[in-house]
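**Student:** One structure follows; several queries about it will come next.
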Amino acid sequence: TQLLEQSPQFLSIQEGENLTVYCNSSSVFSSLQWYRQEPGEGPVLLVTVVTGGEVKKLKRLTFQFGDARKDSSLHITAAQPGDTGLYLCAANFGNEKLTFGTGTRLTIIP
Amino acid sequence: NAGVMQNPRHLVRRRGQEARLRCSPMKGHSHVYWYRQLPEEGLKFMVYLQKENIIDESGMPKERFSAEFPKEGPSILRIQQVVRGDSAAYFCASSPFQDRGFSGNTIYFGEGSWLTVV
């Protein structure tokens, strides 16, 4: 059974600060997606990373895929209240289904 | 995200009743996935279907749960004789046909169906 662990589980920071959340596995994954979910809604895809060492930027969000394809990180610069939500990583381990991480619940305090 | 349509959005059932959740994938998508999310938890894979075929049901409980994706019409997740522990958000997702060699299987989620068993 492949497991994805996310850390931290909860994070509460002041508006304007930077933060990083992590997604780790003991198994190699073929691709990884990051999603954000708000209460009462479905997960919304932020990015897909496929190549080891890949870095993608989406405005103030920077996503990195580890060289060994076992980990990924999401860095947010100058966090804003609108960034508040549940951040989920999800990986393909060589099959069609996505395995989701445990999630990081982020709260940005104005 | 809005392209995957789920209904009902909210469903209340008494213990012992049946719940039917429907999912219409995005246009052009032939793969459907069902996930369950318990309160304050991540999403757990339940089942993966293509038209008229169940590809992977390794996450489905052995009893009371079934899923189908007929040639015509939406995918249906059916829960018989519901119990309080079935209360959860059920998410459907879809993806287009992918070559088996493709390693980046991006899927798109619907807004979910919230089942409450009373």
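Every number in this text was worked out from the coordinates using simple rules, so none of it is lab data. Computed from a prediction, not measured in an experiment: that's the story for all the values here. Because the Cβ atoms are built from the backbone with ideal geometry, glycine has one as well, and the counts that use them run over all protein chains shown.
**Student:** Is segment A:1-52 rounded, prolate or oblate when judged by the Cα gyration tensor, a ≥ b ≥ c being the square roots of its eigenvalues, rounded requiring a/c under 1.5 and prolate requiring a/b larger than b/c? All intermediate terms of the calculation are to be shown ahead of the outcome.
**Tutor:** Numbers: a/c = 1.77, a/b = 1.47, b/c = 1.21.
In terms of gyration-tensor shape, prolate.
**Student:** For chain A, just run the numbers: alpha carbon Rg, then divide by 2.2 N^0.38 Å, N being how many residues it has. Display every interim value, and only then the final one.
**Tutor:** Details: Rg = 13.3 Å, N = 110, 2.2 N^0.38 = 13.1 Å.
Here the Cα radius of gyration is 1.01 times the empirical estimate.
**Student:** Follow-up. Say R0 is 45 Å: what FRET efficiency, to the nearest 0.05, do residue B:27 and residue A:105 get from their beta-carbon distance? Spell out each step's value before the answer.
**Tutor:** Values: r = 33 Å, r/R0 = 0.74.
Efficiency, rounded to the nearest 0.05: 0.85.
**Student:** Per 0.36 nm of contour for each residue apart, how much would the distance between residue B:51 and residue B:84 grow if the chain were fully extended, relative to their Cα-Cα spacing?
**Tutor:** Working: separation 33, 0.36 × 33 = 11.88 nm, distance 3.08 nm.
Here the answer is 8.8 nm.
**Student:** Let me ask you something else. Once you mark the trypsin sites (Lys or Arg not before Pro) that are in a DSSP loop and have at most 15 other Cβ atoms within 10 Å, what is the longest gap between them in chain B?
**Tutor:** With a cap of 15 other Cβ atoms within 10 Å, the longest stretch comes to B:72-99.
**Student:** Which of the chymotrypsin sites (Phe, Trp or Tyr not before Pro) across segment A:38-110 are loop residues per DSSP, with 11 or fewer other Cβ within 10 Å? Mind dumping the intermediate values first?
**Tutor:** Details: sites: A:63, A:65, A:87, A:93, A:100; in loops: A:93.
In loop regions of segment A:38-110 (DSSP not H, G, I, E or B), there are no sparsely surrounded chymotrypsin sites (Phe, Trp or Tyr not before Pro).
**Student:** Using the eigenvalues of the Cα gyration tensor, what equivalent ellipsoid semi-axes result for chain B when each is taken as the square root of five times the eigenvalue, whole Å, largest first?
**Tutor:** Values: eigenvalues 113, 39, 37 Å².
Ellipsoid semi-axes (Å, largest first): 24, 14, 14.
**Student:** Looking at chain A, which longest stretch skips every one of the GluC sites (Glu not before Pro) that is in a DSSP loop with at most 14 other Cβ atoms within 10 Å, leaving the sites themselves out?
**Tutor:** Values: sites that count: A:15, A:17.
Longest site-free region, per DSSP loop and neighbour criteria: A:18-110.
**Student:** Still on this structure, please answer the following. Name the residues whose placed amide hydrogens come within less than 5 Å of the amide hydrogen of residue B:17, ignoring near sequence neighbours (fewer than 5 apart) on the same chain.
**Tutor:** Under 5 Å from the amide H of residue B:17: B:82.
**Student:** What is the ratio of the Cα radius of gyration of the protein assembly as shown to 2.2 N^0.38 Å, where N is its residue count, to two decimals? Intermediate values should be presented prior to the final figure.
**Tutor:** Working: Rg = 17.7 Å, N = 228, 2.2 N^0.38 = 17.3 Å.
Compactness ratio reported: 1.02.
**Student:** Of all trypsin sites (Lys or Arg not before Pro) in chain A, which ones are in loop regions per DSSP and have a Cβ with at most 13 other Cβ atoms within 10 Å?
**Tutor:** Numbers: sites: A:36, A:56, A:57, A:59, A:60, A:69, A:70, A:97, A:105; in loops: A:59, A:60, A:69, A:70, A:97.
Loop-located and lightly packed - A:59, A:60.
**Student:** On a straight-distance basis, which lysines could pair with residue B:71 in a cross-link, Cα separation under 25 angstrom, same-chain partners fewer than 8 positions away excluded?
**Tutor:** A:97, B:27, B:51, B:62
**Student:** Between residue B:76 and residue A:12, how high is the FRET efficiency from 1/(1 + (r/R0)^6) when r is the Cβ-Cβ distance and R₀ = 45 Å? Nearest 0.05.
**Tutor:** Details: r = 40 Å, r/R0 = 0.89.
The computed FRET efficiency comes out at 0.65.
**Student:** For the residue pair residue B:5 and residue B:62, what label-to-label distance in nm results when each label sits 7 Å from Cα along the Cα-to-beta-carbon direction?
**Tutor:** Going from the residue B:5 label point to the residue B:62 one covers 3.8 nm.
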